1. Can you check how the C-alpha radius of gyration of chain A compares to 2.2 N^0.38 Å, as a plain ratio?
2. I'd like the distance separating the alpha-carbon centroids of the range A:490-549 and the range A:260-302, in whole Å.
3. What pairs from A:LYS21/A:LYS103; A:LYS513/A:LYS556; A:LYS280/A:LYS638; B:LYS147/B:LYS226 go past 22 Å between their alpha carbons?
4. Using only the alpha carbons, work out the radius of gyration and Dmax of chain B in angstrom.
5. Please report how far the C-alpha centroid of the range A:370-418 lies from that of the range A:1-62, rounded to the nearest whole angstrom.
6. B:ALA126: net charge of surrounding residues, Cβ under 12 Å, Lys/Arg +1, Asp/Glu -1, itself excluded?
7. Over 10 Å intervals from 0, what percent of Cα-Cα pairs in the range A:269-401 sits in each interval?
8. Could you give the alpha-carbon Rg of the range B:3-111 over 2.2 N^0.38 Å, rounded to two decimals?
Amino acid sequence: MLTLQSRVPPGPLEDKWERHKFDMRLVNPANKRKYTVIVVGTGLAGASAAATLSELGYRVVCITYHDSPRRAHSIAAQGGINAAKNYQNDGDSIFRLFYDTIKGGDFRAREANVYRLAQVSVNIIDQCVAQGVPFAREYGGLLANRSFGGAQVSRTFYARGQTGQQLLLGAYQALERQIGRGAVEIHPHTEMLDLVVIDGRARGIVTRHLLTGQVQSHVGDAVVLATGGYGNVFFLSTNARNSNATAIWRAYKRGAAFANPCFTQIHPTCIPVSGDYQSKLTLMSESLRNDGRVWVPRQGGDARPPNEIPDAERDYYLERKYPSFGNLAPRDIASRAAKQVCDEGRGVGPTGLGVYLDFRDAIERLGTRVIAERYGNLFEMYQRITDEDPYRVPMRIYPAVHYTMGGLWVDYNLMSTIPGLHVIGEANFSDHGANRLGASALMQGLADGYFILPYTMGDYLASARPPAVDATAPEFRCAEAEVADRTRRLLAIRGTRTIDSFHRELGAIMWDKCGMARTDGGLREALAAVTALRAEFWRDVMVPGAGEGLNQALEKAGRVADFLELAALICRDALTRTESCGCHFREESQTADGEALRDDERFSYVSAWEYAGPDAPAHLNAEPLDFETVHPSQRSYK
Amino acid sequence: MDLTLRVWRQPGPTVPGRFVDYPAQDISADASFLEMLDVVNERLSARGEEPIAFSHDCREGICGSCAMMIDGVAHGPVRGAATCQVHMRVFADGSTITVEPWRSAAFPVIKDLVTERSALDRIIQAGGFITAPTGGARDANEILVAKDAAEAAMDAAACIGCGACVAACPNGSASLFTAAKIAHLGALPQGQPERSRRVLRMVAQMDEERFGHCTLFGECQEACPKLISIDVIARMNRDFLRACTSPPASAW
Ligand SMILES: Cc1cc2nc3c(=O)[nH]c(=O)nc-3n(C[C@H](O)[C@H](O)[C@H](O)COP(=O)(O)OP(=O)(O)OC[C@H]3O[C@@H](n4cnc5c(N)ncnc54)[C@H](O)[C@@H]3O)c2cc1C
Ligand code: FES
């Protein structure tokens, strides 16, 4: 049984972080270079943390399976990053960003963490501008903003539709500067396959070099996982193809609690699936909902081309159902609404699984030029994929798996239940509760990496003073042997089914039964199906090639094997949470008009799952959520 | 669609490679080029044969992983698109498509279509940044950036670091890549203090990595998936000349 200590500092919400910063221990500058911190991942969270820790004087070892840190999945983020700057004078404030985020997350996140996130959001923009991130500007030279879902103020900073790219390049350049100075040791093409815990503390990792197959130990005084989300458990998602859960899953199996695994976000605006060759789904940024109007025909089976359907026969269902937020309703709500109209038989496109996102009115109002300036690259991307021109024909969109709010459990210091193991960015569960608002993942990744972890890491090292260990310790040797053995086992199966066929089947099970709507019966079926599939995988998968040298099939096989285990935990988490909240919609728990019905009496907690061995069911621990400042209300966006 | 793929297969960095033909039958015209390769690989895997190794990740033209010469053209026939953004509908049914890795001395082949491009990271290490350690920044709106300057910076900053410019250049020059970063940072007020130092160091590193020299063929801008203009190279040359004629004391 774990003790989940959130370590939220005492005092008023607004003062907690300031006070905590003062109360934390510092490492004296001369001692910093005696400590080695291993950072796994070079996305926004990892690159910003590695660069900053190195600037502070720590020795940093940085690991990524990519060939360059710049290729991390963060590069693909499109729409923007939130910050409570109130540059638009529209009533924004730290408190409002905090409130919107807590409410957007359907009151399933820790108040103190979210408040701190809103506080440091303003520093992020300053930092990024200093680095030369080319944010959009007004003619006068000031920063421009746009709106995102779940907010009524304009607080999103952006660099065309490539905000993630520009923010990541900023962090990447800071990291490369440190690498160039010899202050960060970078290991590209290197995949972490195990965590090493000695005397109860995280002391290193074991990796496989993807080009040589070499298994190697890396020893450190602390380990940071910044390894991103696990949305690819669904096979089809908006995530980069190689994004995976292996790092956090191995840490889980070494004792780190996994929080809220069933909180997986389904984004309302993606290009619909078009065929079974499909390898990923492409997001059309939420920013499009600033100007695009979502609709379906009033009548099911209306096969007329969209432009021939008169306004009176269209149902702008988001505007109808949620008049005050309209097309900018939060993601979970917009996704569910799309599913609903499609379930009613009013979906559009060849599969009937699609709704229109229409720019006709915006183009009439603002002109093609303005729309092109705002969304040109997204329109182009859409046209390239679908062969249709969104300036003339409405886009067709459908929800797709996009982000995972769940992840390794961390305390206020971003440390997991294993002392010394810190988890940042999408890989942790911390700030988004049951639903993440748009433009807040970039904010969280950079908040964690630039402004929070560098402080809390010092406190950990100064308090723990980890004793010296080296890679000859039996724990390292043992983990190396296990990693090598697993590789051998995967290669030895030589079965008849391809890795992708398993992954695709897993994804279909999860999407059908643990996707936008979940039921007790469905989840039980999913659990049984996933368990059977996993057994079949280890019996019948075909992993061609050898263990030495580059073998992309082998990499994929290891990741799918972990997804198969994680999927079962997701289903179990969804099964135990019989309320609906945020993205987690249990059909059994809804209001009369079909909205999610939360049950604060019984479920106002974070589920933190604890590994109990290969054959025992994971153990559920609960961290109760106390709301001292906000009053959890039934969310309304009407 | 039914196609034939002529693919460069090379088991490892030190082993010679060769072209191998594979049938690619029954491919959807709506599939992307990489999805077509997935289908071919899936069929190879099912037979226990080693799939064709290729780099990819985001599959939406932004991570810069995917990189192949398609019929001798970097990223294939679609202008302003990375390989992952090329869809099969642009090829004629029945055609034979030749697929090779980037060919450049600075990008050694690792396996099949995968090359090592870390030379580009080292060019950034040399000076492709603004020195702004975390924490010391002032309020973002205190730095005014004219809209035109921000747009120009963004045009150059759009580079995805794929290396197509190098692969397309008859000289194997990395000038477009290097100049794009110099132009991005040089267009902004924040980038001014290190402007001379940056250009001198990045250009020196580019030479050290054995990239060729630029003679303004312009092939790079045609191949660039982000259509970055060779104007940035002119800017780099101008910065370089200026820095050489009045080198700041701190540059070396
Ligand atoms: C298409 C798309 C658009 C988005 N748009 C927005 C947006 O506009 N605004 C917003 O706020 N959010 C957006 N998001 C979400 C946001 O991009 C991500 O949540 C965020 O970038 C995650 O960053 P990260 O640093 O946590 O992880 P990632 O960027 O995923 O990085 C993970 C890193 O870990 C490494 N890694 C992982 N496992 C291992 C291992 N086992 N061994 C070694 N290395 C490993 C990888 O190599 C990589 O470097 C978007 C997401 C998608 C998919
Ligand atoms: S796969 Fe990312 S650019 Fe092509």
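Throughout, read-outs are computed from the coordinates displayed, never taken from laboratory work. Since the structure is predicted, the reported quantities are computational estimates derived from the model, not experimental observations. With ideal geometry, Cβ positions are generated from the backbone for all residues, glycine too; neighbour counts draw on all protein chains shown.
1. Working it through for chain A, the quotient is 0.92.
2. Using only Cα atoms to place each centre, the spacing works out to 25 Å.
3. Over 22 Å Cα-Cα: A:LYS21/A:LYS103; A:LYS513/A:LYS556; A:LYS280/A:LYS638.
4. 20.3, 64
5. When both Cα centres are located, 30 Å separates them.
6. Values: positive: A:ARG177, A:ARG181, B:ARG122, B:LYS181, B:ARG197, B:ARG198, B:ARG201; negative: A:GLU176, B:ASP121, B:GLU194, B:ASP207, B:GLU208, B:GLU209.
Within the 12 Å Cβ shell, the charges total +1.
7. With a bin width of 10 Å, the distribution comes to 12, 47, 37, 5.
8. Here the answer is 1.02, to two decimals.
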